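The values are calculated or read from the model by the stated rules, or taken from the named source; none is laboratory data. Here the structure is a predicted model, which means the values were calculated and not measured. So basically every Cβ, Gly included, is an ideal-geometry build from the backbone, and we count neighbours across all protein chains shown.
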Amino acid sequence: MVEINTIKNKLKRDELYQKKKASKAKEKRDRRTTLQKEESSNPEKKEKRLAENVPNTLENTREFDETMVEEDAEVAADEATDEFAQYFQNGLTPKILVTTSKGPSAAVYAFATELIDIFPNSHFVKRKNQFEMRHIIEFSKNRDFTDIMVINEDRKEPNGVTLIHLPDGPTAHFKLSSIALSKDIEGHGRTSSHKPELILNNFNTRLGHTIGRMFTALFPHVPEFQGRQVATLHNQRDFIFFRRHRYVFKNSKRVNLQELGPRFTLKLKWLQKGTFDRKGEHEWMFKPEMETSRRRFFL
Amino acid sequence: MSSQRFYTGDEQGLIKVVTITEPLVVKVKRVRRNQPTPEAPAKPVPTVETWGTPDRERAVQLLCWDHDKKYLAVARKNGLVQLIDPKENGGTALAEFRHTLGKEGKVDTVFVGLFANSESIITCTNTGVLTVQSIQDATQRKIASVGQDICRMRVHPREHHIVATAGKEQECTLWDLNQIFQDGTDQPQPPTTNGKTTASNGKSVTSTPASKSSGTPQARYKSKEILANGQIFKAKNVKNDHLDLRVPVWNTDLQFLSQYDYSRIAVGTRNHQIRVYDTKSGARRPIVDKEIGDMPVVAFSNGKDASETVFSDTVTNVYSVDTLTGEVLGQYK
């Protein structure tokens, strides 16, 4: 058989190539139909094949991480007495302050409006030039706020969120991307003032636990199931996807979802132990040097 | 087969002993074509032993070896200072002393210095309370005040009566414990003038304390900053910067560079400056002053000898600095 790439005539080369392609496709088709016939009579064969042929993904070939938490009594003891103990043990209601960086633009205000809608018991305060972060933190503590969210912007678009837990809780800074406001989502639903349920996916390491608990502490302790609203924070490959849905059960097996509210993606940039301090020690900071392989994740 | 042992203390009050044993290195034979590749050498497996139960009140603030490297000294958040024998199981304390650490206004009092030798444990808090506690006799405790807002206190590894402190608006100061406690009083005496002589230009120059031998160059202290009782050396702020503004002082950590004498001290500041002082040369200003990195210095350690020091900053960078020139020898990012 002549190698196709040695034929100089374009028409002839094209013809032979199409023939080769067609024969390959036919082979695949025939193999699949025979397999289907065999497996329809013998379902065990199908199960065996599926069990053997698990494809490798970045998530299941993730690099070994010593900080993965699995049923650890020490971690449980640590989390029982950490900064979020007031929320988890005593059921403290969160009170959130949403503000922006100085001199924000319209897109930031629109995003801030969405954030106020997501978190019950949250208040927006316009940022003025008069006060710095450390003053804002002090004022919020005096007024019994439990969290501050600062929306950072660049080139007229929101690009970051700093989440500060009060009184001396951790501070986390996230990169914000892929924002879709409710009005831009097709077929979006209307939110109600019911307290949402919360789903947190895939926060497995110690760092992931801290961030997951930070997010949990933003929502009220007891959801109102009557509202059928759910907020999801799904972590995959260190990107945290936020979605909000209204769900309705058609029967015990099928659920229909309608998307509400904004969609956005967060990526953790750094985590500090106390409240925001530019010169304070960072518990974790993302640096490009940490990306040693495609299979290494931190959350 | 070498092994390393690390002792760590955490904010839950647990002390963990991590032993990492290097596995035997098997020399890999040359792989011929079509032969199966040899297995990768075994990775070192750490074993962790935990002492104590989780309790945030017993959070470990400082942990260090004593002078003979036989016992571990631990300073905890509730004021407890313990001496632990690492060979005994469970990390039970051989000796325990309780200090009071209250709150000064809004700031918690924390331990900033810890040192132990066979006779006593020396501790210092950030409010400047320096305590020398005798190990054998629990009642014998000597207390001195070494200033306000101290960020670090260190004791010289060989001369246990020489103590260095530094802090916020507190320049690097060397104290001699024998002098502080020699007349049996707890508080340092108020600064006394001894032999003022007027120099030719009219400024008054005070002579240095008698402890300095006449051979070494004399450091000059202005009348208002005469060395208080017990102080041997007090550094002077660097010259005003290019805008003729006073450079603010906030030393975050310091380290004695040489284990043989206390002449050279390296100091790190909140404005990421590294300074090296020579206490015996008569110069009160640093002999090396460099700005390294962008973020404040958090921790200092000795390098291979007096010419190298290692420090880390708040954003997980570790730098190795040459103390003679101030150049960065290497960096972990």
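Would the range B:100-113 turn up any residue that is touching a residue at least 12 places away in the same chain (Cβ under 8 Å), loosely packed, with under 12 Cβ neighbours inside 10 Å, under 28 Å from B:GLY147 (Cβ atoms) and more than 14 Å from chain A (Cβ to nearest Cβ)? For the range B:100-113, residues touching a residue at least 12 places away in the same chain (Cβ under 8 Å), loosely packed, with under 12 Cβ neighbours inside 10 Å, under 28 Å from B:GLY147 (Cβ atoms) and more than 14 Å from chain A (Cβ to nearest Cβ): present. Only helices (runs of 4 or more DSSP H) whose full extent lies in the range A:72-182 are considered here, and the ones with at least 2 residues that are β-branched (Val, Ile, Thr) and either touching a residue at least 12 places away in the same chain (Cβ under 8 Å) or closer than 20 Å to A:PHE264 by Cα (or both) are A:106-118, A:133-142.
Residue pairs whose Cβ atoms lie under 6 Å apart, separated by 6 or more positions or on different chains, with the first residue in the range A:16-36 and surrounded by 10 or more Cβ atoms within 10 Å (Cβ to Cβ) and the second in a helix (DSSP H, G or I), are A:LEU16/A:ILE4; A:TYR17/A:ILE4.
The residue list A:THR113, A:THR100, A:THR67 contains one member that is within 22 Å of the chain's Cα centre (by Cα) and buried (at least 17 other Cβ atoms within 10 Å of the Cβ), which is A:THR100. Of the strands (runs of 3 or more DSSP E) contained entirely in the range B:36-87, those carrying at least 2 residues that are hydroxyl-bearing (Ser, Thr, Tyr) fall at B:46-51. Set side by side, the residues A:ILE118, A:ILE137, A:ILE148, A:ILE164 differ, and just one is more than 10 Å from A:THR275 (Cβ to Cβ) and not small (Gly, Ala, Ser), which is A:ILE118. In the range B:134-147, of all residues being of a type outside the set (Val, Ile, Thr) and farther than 20 Å from B:LEU174 by Cα, the one that is modelled with the highest pLDDT corresponds to B:SER134. Could you check, for the range A:241-251, whether at least one of its residues is in a loop (DSSP other than H, G, I, E, B), modelled with pLDDT under 95 and either of a type in the set (Val, Ile, Thr) or exposed (fewer than 15 other Cβ atoms within 10 Å of the Cβ) (or both)? Yes, that holds for at least one residue. Checking each residue in the range B:273-285 for being farther than 12 Å from B:GLU171 by Cα and either over 17 Å from the mean Cα position of the chain (by Cα) or in a strand (DSSP E or B) (or both) picks out B:GLN273, B:ILE274, B:VAL276, B:ASP278, B:LYS280, B:SER281, B:GLY282, B:ALA283. Remark: B:SER301 matches the filter, which requires a residue to be farther than 26 Å from A:PHE276 by Cβ, surrounded by fewer than 17 Cβ atoms within 10 Å (Cβ to Cβ), more than 14 Å from every other protein chain (Cβ to nearest Cβ) and within 15 Å of the chain's Cα centre (by Cα). Only one of the numbered conditions (1) at pLDDT 90 or above; (2) of a type outside the set (Gly, Ala, Ser); (3) part of a loop (DSSP other than H, G, I, E, B) is violated by B:GLU159, and that is (1). Checked against the criterion of being free of Cβ contacts under 8 Å to residues at least 24 places away in the same chain, over 30 Å from A:GLN36 (Cα atoms) and acidic (Asp, Glu), the range A:49-60 contains not a single residue that satisfies it. A:ALA106 - would you say it is at pLDDT below 90 and surrounded by fewer than 16 Cβ atoms within 10 Å (Cβ to Cβ)? Answer is no for this residue.
When the range A:116-136 is filtered for residues that are surrounded by 14 or more Cβ atoms within 10 Å (Cβ to Cβ) and either of a type in the set (D, E, K, R) or in contact with a Pro (Cβ under 9 Å, 6 or more places away or on another chain) (or both), the ones remaining, listed by number, are A:ASP117, A:ILE118, A:PHE119, A:PRO120, A:ASN121, A:SER122, A:ARG127. Residues in the range B:271-296 that are surrounded by fewer than 21 Cβ atoms within 10 Å (Cβ to Cβ) and in contact (Cβ under 8 Å) with a residue 60 or more places away in the chain: B:LYS280, B:SER281, B:GLY282, B:ALA283, B:ARG284.
If the condition is being touching a Gly at 6+ places or on another chain (Cβ under 6 Å) and of a type in the set (A, V, I, L, M, F, W, C), then the range B:271-322 contributes B:ILE274, B:VAL288, B:VAL297, B:PHE300, B:VAL310, B:PHE311. Quick check: is even one residue across the range B:253-270 within 14 Å of another protein chain (Cβ to nearest Cβ), over 18 Å from the mean Cα position of the chain (by Cα), in contact (Cβ under 8 Å) with a residue 24 or more places away in the chain and closer than 30 Å to A:ASP277 by Cβ? The answer is no, given that none of the residues of the range B:253-270 is within 14 Å of another protein chain (Cβ to nearest Cβ), over 18 Å from the mean Cα position of the chain (by Cα), in contact (Cβ under 8 Å) with a residue 24 or more places away in the chain and closer than 30 Å to A:ASP277 by Cβ.
Within the range A:252-293, the set of residues being among the aliphatic types (A, V, I, L, M), surrounded by fewer than 15 Cβ atoms within 10 Å (Cβ to Cβ) and away from chain B (no Cβ under 14 Å) comprises A:VAL255, A:LEU257. Report whether or not A:GLU39 is over 22 Å from the mean Cα position of the chain (by Cα), within 14 Å of chain B (Cβ to nearest Cβ) and either surrounded by 14 or more Cβ atoms within 10 Å (Cβ to Cβ) or under 30 Å from A:PHE145 (Cα atoms) (or both). Answer is no for this residue. Say whether the condition of being within 26 Å of B:LEU174 (Cα to Cα), outside any loop (DSSP other than H, G, I, E, B) and within 11 Å of chain A (Cβ to nearest Cβ) is met by at least one residue in the range B:313-324. Within the range B:313-324, one or more residues are within 26 Å of B:LEU174 (Cα to Cα), outside any loop (DSSP other than H, G, I, E, B) and within 11 Å of chain A (Cβ to nearest Cβ).
Here B:GLU22, B:GLU57 are screened, and the one residue that is in contact with a Pro (Cβ under 6 Å, 6 or more places away or on another chain) and either at pLDDT below 90 or charged (D, E, K, R) (or both) is B:GLU22. Annotation note: of B:ILE292, B:ILE287, the sole residue that is in contact with a His (Cβ under 7 Å, 6 or more places away or on another chain) and away from every other protein chain (no Cβ under 12 Å) is B:ILE292.
No other residue among B:THR216, B:THR208 is within 29 Å of B:GLN255 (Cβ to Cβ) and at pLDDT 50 or above apart from B:THR216. Scanning the range B:129-146 for residues being of a type outside the set (S, T, N, Q), over 21 Å from B:ALA299 (Cβ atoms) and not in a strand (DSSP E or B) gives a total of 3. Screening A:ARG296 with (1) surrounded by fewer than 18 Cβ atoms within 10 Å (Cβ to Cβ); (2) part of a strand (DSSP E or B); (3) in contact with an Asp or Glu (Cβ under 9 Å, 6 or more places away or on another chain); (4) more than 12 Å from chain B (Cβ to nearest Cβ) gives one miss only, at (2).
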